[in-house]
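Chemist: Following this message is one structure expressed as structure tokens.
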Amino acid sequence: MPQWIPACATDDVDPEDVIPFEHAGESYAVYRSPDDVYYATAGHCSHERELLCDGLVMGGVIECPKHNGRFDYTSGKAMGAPVLVDLRTYPTKVEGGTVYIELA
Amino acid sequence: MGRERLERYSLVGPDSRAAVDAGLASADWYRSAVPRKRMKELMRRCDGPAVRDTALWLGLMIVLAGVGILLRDSWWCVPFFAAYGVLYGSASDSRWHECGHGTAFRTRWMDEAVYRIASFMVMRDPTASRWSHTRHHTDTLVVGRDPEIQAMRPARLAKLLANFVGLVDVPVAMRLMVLHVGGRLSAEEADYVPESERPKVFRTARIWFAIYAVVIASAVVSGSWLPVVLVGGPALYGRYMLYVYGLTQHSGLGENVVDHRLNTRTVRMNAVNRFLYSNMNYHVEHHMFPMVPYHRLPELHEEIKGDLAPAYPSIWAAYRELVPAVLRQLKDQSYYVRRELPPGARPFHEPSTVNDGRALPLIPA
């Protein structure tokens with residue numbers, strides 16, 4: 001049963017940045033685009049499970065801190081070697097200054 | 001000993017499985033603490049420094065080659081071709097490296113374009129070597145996992161020395177290129193290049209093969225060495241600085257230890273060497289935080305140097321340590337250079353199965 005989980009306050013994440021979010025033993029990454037749209041993906045790189053929150057957000061792309069693997073964080077799409085497997089993405093919504101992500 | 005050594009360092013041998021069993025593969029590596037905002041600032045990309053350095057690199061090559069061609073009938077051409085050769089055969093290594101990481105430029109196609117040019121010059125397939133280097137960063141100096149260990153224990157001394165003029169690497173690169181032209185990979189490449197990436201390797205090899213065929217045909221038809229001196233040849237005669245720099249990175253240091261402070265050197269170099277080597281002398285910093293662009297590594301060094309073993313003051317200082325260490329390892333493979341962390345540095349990460357760099361055998365004798 002999907003449910004909306006509060007992940008962070010809108011101000012917790014800077015524009016064009018990413019922060020980590022933990023829930024029920026799983027890691028997630030919450031992004032804020034330059035135009036203040038929030039996105040969420042799995043927290044680890046699909047290549048070697050590095051935490052994406054330590055990576056660099058640039059132009060709609062999150063880059064893994066270990067091997068520079070890149071994903072489109074809006075769609076989770078892997079953008080070339082060494083990452084070949086897409087990231088799982090999660091729907092988000094903002095209510096009352098809080099970012100929610102929908103988890104299954 | 002030769003066969004045992006190669007088997008030990010093989011990516012498809014028993015030590016590879018032992019490293020996985022010991023938790024050394026894809027392990028959690030030590031990182032110095034850097035404030036999050038500062039780290040994000042250091043990781044920021046821009047095109048300016050790499051555009052400048054690439055223009056200087058390629059521009060100098062064009063000028064030096066041009067003067068060398070004009071003077072080709074006299075010995076005065078030698079210093080110009082010698083300098084051209086170093087830019088082609090040695091400086092290409094760090095351009096391959098930086099652009100392979102995708103950090104040199106902000107603009108992606110620039111990284112990719114320079115990466116492909118540099119890969120050709122240094123004679124490394126851009127796809128296979130990207131995967132090889134990815135593994136090197138995941139499992140740095142983990143025996144049986146890292147495909148880029150230059151000085152094994154014991155070192156292949158003749159190979160190391162011959163490689164200063166590319167006498168091993170270049171023939172191996174040519175053999176691999178022919179293998180790739182035929183649509184095959186070596187056993188080691190097959191260990192780290194995913195299936196979906198392999199057609200790129202074969203396509204590149206066919207293009208490169210055609211280029212070398214044209215160069216050799218031009219030399220034969222014109223009755224001149226000039227085409228080979230300009231293309232391909234510098235990978236031999238200009239390669240020596242690649243090894244002068246490259247051997248400083250890890251030789252003689254700890255193996256099987258998940259802390260770059262103990263298995264990697266940072267060496268202070270002058271401005272010319274830093275240009276040729278794209279600041280890769282800040283090697284501990286690069287391994288610990290591979291996303292920091294090369295032109296920000298001096299700042300990163302200042303940020304974390306209190307947590308690192310002292311940097312070596314010069315190339316000469318690094319060689320004064322690494323040459324005796326590598327020679328001693330010819331007889332005593334348990335010997336390694338133990339790097340002492342400064343007072344106040346955080347202790348190295350030590351899972352129970354990981355040693356401090358002594359390279360104790362993972363497989364009981």
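Chemist: Taking A:Val94, is it surrounded by fewer than 16 Cβ atoms within 10 Å (Cβ to Cβ) and more than 30 Å from B:Gly23 (Cβ to Cβ)?
Modeler: Against the criterion (surrounded by fewer than 16 Cβ atoms within 10 Å (Cβ to Cβ) and more than 30 Å from B:Gly23 (Cβ to Cβ)), A:Val94 qualifies.
Chemist: Next question, about the same structure. Take region B:64-91 and flag every residue that is more than 12 Å from B:Leu230 (Cα to Cα), open to solvent by 50 Å² or more (accessible area, probe 1.4 Å) and within 27 Å of the chain's Cα centre (by Cα).
Modeler: B:Pro79
Chemist: OK, next. What number of residues within region A:1-25 satisfy the criterion of being in a strand (DSSP E or B) and without any contact (Cβ under 8 Å) to a residue 40 or more places away in the chain?
Modeler: 3
Chemist: Is it the case, given these coordinates, that B:Asp146 is touching an Asp or Glu at 6+ places or on another chain (Cβ under 6 Å) and of a type outside the set (S, T, N, Q)?
Modeler: When the stated conditions are applied, B:Asp146 passes them.
Chemist: Kindly evaluate B:Ala210 against the criterion of being surrounded by fewer than 17 Cβ atoms within 10 Å (Cβ to Cβ) and either in contact (Cβ under 8 Å) with a residue 24 or more places away in the chain or within 14 Å of chain A (Cβ to nearest Cβ) (or both). Talk me through it step by step, then tell me what you get.
Modeler: Values: surrounded by fewer than 17 Cβ atoms within 10 Å (Cβ to Cβ): yes; either in contact (Cβ under 8 Å) with a residue 24 or more places away in the chain or within 14 Å of chain A (Cβ to nearest Cβ) (or both): no.
No.
Chemist: Which residues, taken from region B:13-57, are touching a His at 6+ places or on another chain (Cβ under 9 Å), open to solvent by less than 60 Å² (accessible area, probe 1.4 Å) and not in a helix (DSSP H, G or I)?
Modeler: B:Ala27, B:Trp29, B:Tyr30, B:Cys46
Chemist: Go through (1) modelled with pLDDT of 95 or more; (2) touching a strand residue (DSSP E or B) at 6+ places or on another chain (Cβ under 9 Å) for B:Asn355 and report which single condition fails.
Modeler: Condition (1) is where B:Asn355 drops out.
Chemist: Would region B:105-112 turn up any residue that is within 14 Å of another protein chain (Cβ to nearest Cβ), farther than 24 Å from B:Gly13 by Cα, without any contact (Cβ under 8 Å) to a residue 12 or more places away in the chain and surrounded by fewer than 22 Cβ atoms within 10 Å (Cβ to Cβ)?
Modeler: The answer is yes; a qualifying residue exists.
Chemist: Select from region A:77-104 the residues that are under 16 Å from A:Glu48 (Cα atoms) and assigned to a loop (DSSP other than H, G, I, E, B) and write down the one among them that is farthest from the other protein chains (Cβ to nearest Cβ).
Modeler: In this case the residue turns out to be A:Arg88.
Chemist: What number of residues in region A:32-72 are of a type in the set (Asp, Glu), at the interface with chain B (Cβ under 9 Å from one of its Cβ atoms) and either in a strand (DSSP E or B) or open to solvent by less than 30 Å² (accessible area, probe 1.4 Å) (or both)? Before the answer, list the steps.
Modeler: Here is the first cut: in region A:32-72, the residues of a type in the set (Asp, Glu) are A:35-36, A:48, A:50, A:54, A:63, A:72.
Then drop every residue that is not at the interface with chain B (Cβ under 9 Å from one of its Cβ atoms), which leaves A:48, A:54, A:63.
Then drop every residue that is not either in a strand (DSSP E or B) or open to solvent by less than 30 Å² (accessible area, probe 1.4 Å) (or both), which leaves A:63.
Of the residues in that region, 1 qualify.
Chemist: When the residues of region B:259-277 are filtered to those that are polar (S, T, N, Q) and open to solvent by 10 Å² or more (accessible area, probe 1.4 Å), which remaining residue is nearest to B:Asp139 (Cα to Cα)?
Modeler: The residue in question is B:Asn273.
Chemist: Additional query: Give me the residue from region B:126-160 that is charged (D, E, K, R) and over 20 Å from B:Asp15 (Cα atoms) and, out of that set, nearest to the other protein chains (Cβ to nearest Cβ).
Modeler: B:Arg130
The values are calculated or read from the model by the stated rules, or taken from the named source; none is laboratory data. Everything numeric in this text was worked out from a predicted model, so none of it was measured. For neighbour counting, all protein chains shown are included, and Cβ atoms are generated from backbone atoms with ideal geometry for every residue, glycine included. To get the accessible areas, we keep the full protein, side chains included, count just its heavy atoms, and leave off ligands, DNA and RNA. Shrake-Rupley method; radii C 1.70, N 1.55, O 1.52, S 1.80 Å.
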